[in-house]
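Asks: Below are the structure tokens for one structure; questions will follow.
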Amino acid sequence: MTIQPDIQETPRFTKRPANERGKADFGWLKSAHSFSFGQYYDPKHLGFGNLIVINDDRVEGGKGFGAHPHKNAEIFSYVLGGALEHKDSMGNGSVVSEGGVQYMSAGSGVTHSEFNPSQTEEMRFLQVWLVPEVENTQPAYDTIDLTPVDKDGKLKLFLSNDGRDGSMTTQADALVYAATLRSDQTITHDFPSGRKGWVQVADGSVRVNDLVLNKGDGLAIEGSGTLTFDQGQDAEFLFFNLAP
């Protein structure tokens, strides 16, 4: 009998360079789209797994998105600068500042607005949409504040499908982490088989295994194996563990 050696799977990477993202400029809003959105359409970039929107948005002081509807989408906003004011048809109202995340499960339908409450300071956030596992659920809203210590040199889980480790609960089959990384820090993560991964660099630069990513770059991950995040230069990034 011949015993076959174990085949060690390694992650496979596809880089989504920042300068190849779709762009939108409405004056008060400047946005970069990792996936097709609004007037930007690219059949090669319609999403990745159940991740369908990553918009890097900058909003002028006093401006924002008026009341508009959503349905059957899991949406979160990761605030990178300034503050984001939210109001919705469920009666929620909040202001989320830098380091905070707001999450909305649109479910069977909800209307909301988002504004920059400062008249002078620009606001920047990542707007992310995920596809829910079940449609037409009861809409929900939540927020979480991530301190610098929470994500310093480690992956901080802030959104999951089961609310583990104090994270917000989403209807999507996804685990979403935030991290910051300096040059003297290293993060290792065992990525499981049967999933898809995505890294989105919000600021600075970071190396994932042998691939250097800069601000605005995305990285699609398929296959399983060890992920190593190192050589951070004022790096801040999101890491997604997604349904296949």
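Asks: Looking at (1) 69, 39, 37; (2) 59, 38, 34; (3) 87, 40, 30, which value of Cα extents along the principal axes in Å comes from a calculation on the structure shown?
Replies: So the structure-derived entry is (1).
Asks: Take each of the peptides 169-175, 101-107, average the number of other beta-carbon atoms within 10 Å over its residues, and list them starting from the highest.
Replies: Those peptides, ordered most packed to least, come out 101-107, 169-175.
Asks: Now for a separate question. Given springs between every Cα pair under 10 Å in a Gaussian network model of the chain, which of Asn161, Asn92, Asn72 has the largest fluctuation?
Replies: Of the options given, Asn92 has the highest mean-square fluctuation.
Asks: To continue, here is another question. Please get the size of the charge dipole for the chain, origin at its Cα centre, with Cβ charges of +1 on Lys and Arg and -1 on Asp and Glu, quoted in debye to the nearest 20.
Replies: The calculated dipole for the chain is roughly 460 debye.
Asks: Now for a separate question. Which part of segment 201-244 falls in the paramagnetic zone of Thr137, meaning amide N under 20 Å from the point 7 Å along Cα-to-beta-carbon?
Replies: Those under the cut-off are 240-244.
Asks: Follow-up. Rank Asp152, Asp217, Asp56 by mean-square fluctuation in a GNM of the chain with C-alpha springs under 10 angstrom and give only the top-ranked residue.
Replies: Evaluated over the chain, the most mobile residue of the options is Asp152.
Asks: Assigning unit charges at the beta carbon (Lys, Arg +1; Asp, Glu -1) and nothing else, what dipole magnitude in debye, to the nearest 20, does segment 1-140 show about its Cα centre?
Replies: Computed about the Cα centre, the dipole is about 320 debye.
Asks: Net charge around Ala172, counting only other residues with Cβ within less than 15 Å of its Cβ (Lys, Arg = +1; Asp, Glu = -1)?
Replies: -2
Asks: Name the residue, out of Val53, Val134, Val208, whose mean-square fluctuation peaks in a Gaussian network model built on the chain with Cα pairs under 10 Å.
Replies: Answer for the Gaussian network model of the chain: Val134.
Asks: For a footprinting-style exposure proxy, rank Val79, Val212 by other Cβ within 10 Å, fewest first.
Replies: Val212, Val79
Asks: On to the next question. Residues of segment 34-74 with backbone nitrogen within less than 11 Å of a virtual label 7 Å along the Cα-to-Cβ line of Glu122, please, listed as ranges.
Replies: Within reach of a label on Glu122, which here means backbone N under 11 Å from a point 7 Å along Cα→Cβ, segment 34-74 contributes 57-61.
Asks: Can you spot the lysines whose alpha carbon is less than 24 Å from Lys44's alpha carbon? Ignore those fewer than 8 places along the same chain.
Replies: Lys15, Lys23, Lys30, Lys196, Lys215
Each value in this text was obtained by applying a stated rule to the coordinates, not by laboratory testing. On a predicted model such as this, the values are computed, not experimentally measured, just so you know. Cβ: placed from backbone, ideal geometry, glycine included. Neighbour counts: every protein chain shown.
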